[in-house]
Amino acid sequence: MRHNNKKKHLGRSTSHRRAMLSNLVTALFQNGRIRTTEAKAKEGRRLAERLVTFAKRGDLHARRQTLKVVRDQEVVKRLFDEIGPRFQDRNGGYTRIVKLDPRLGDRAPMVLFELLDEPGKTAKKTAKKDSGGSKKKQAGKKKTRKKEAAGQTEKKAQAASSEEKPKKKQKRSKKDADAS
């Protein structure tokens, strides 16, 4: 029976798996997002969320428990000073897994494993915010872009007509070379 065996072994020994997940989480906290396989990301998410919860607590014991996993002190400092306070009002769900195309070599399912940007906002809300405002403003921007593009094409046409390119000499074929 598989009592108390919830984790995925990922085809590795215990020490190799712990080291790999530690490196995965360290890279996540350093870069904010990483590209990895789906199984590794799902296992790494458990560890990353636990470490962010330690960072939210912020006491010395939590810092020492985090240092057992993440060996880089600069990353732990960033985790406790920037990432932990950023998620202070959020109860879990600090990471996101976005599916990508499979890996070319072996068709392994790849994902983008990332920390959430701003707590409390979903991807849809940030996408609407980035769209640029009302429809009238967007239509006005499109018109100005079209005018600018038309002006640039006219300038290019004038420059091309003013500069006449000399004609290239045609290469002679072997038959023509033999005849002369």
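Sorting the segments 61-68, 101-108, 74-81 by their mean number of nearby beta carbons within 10 angstrom, highest to lowest, gives 74-81, 61-68, 101-108.
As a proxy for reagent exposure, Glu43, Glu114 were ordered by neighbouring Cβ count within 10 angstrom, fewest first; the result is Glu114, Glu43.
Lys-Lys pairs in region 1-69 that are eight or more residues apart or on separate chains and whose Cα atoms lie under 21 Å of each other come to 11.
Cβ crowding within 10 Å, taken as a proxy for footprinting-reagent exposure, orders Ser13, Ser22 from fewest neighbours to most as Ser13, Ser22.
Every number here is computed from the coordinates shown, using simple stated rules; none is lab data. Just so you know, these numbers come straight off a predicted model, no measurement behind them. Cβ atoms come from the backbone with ideal geometry, glycine included; neighbour counts cover every protein chain shown.
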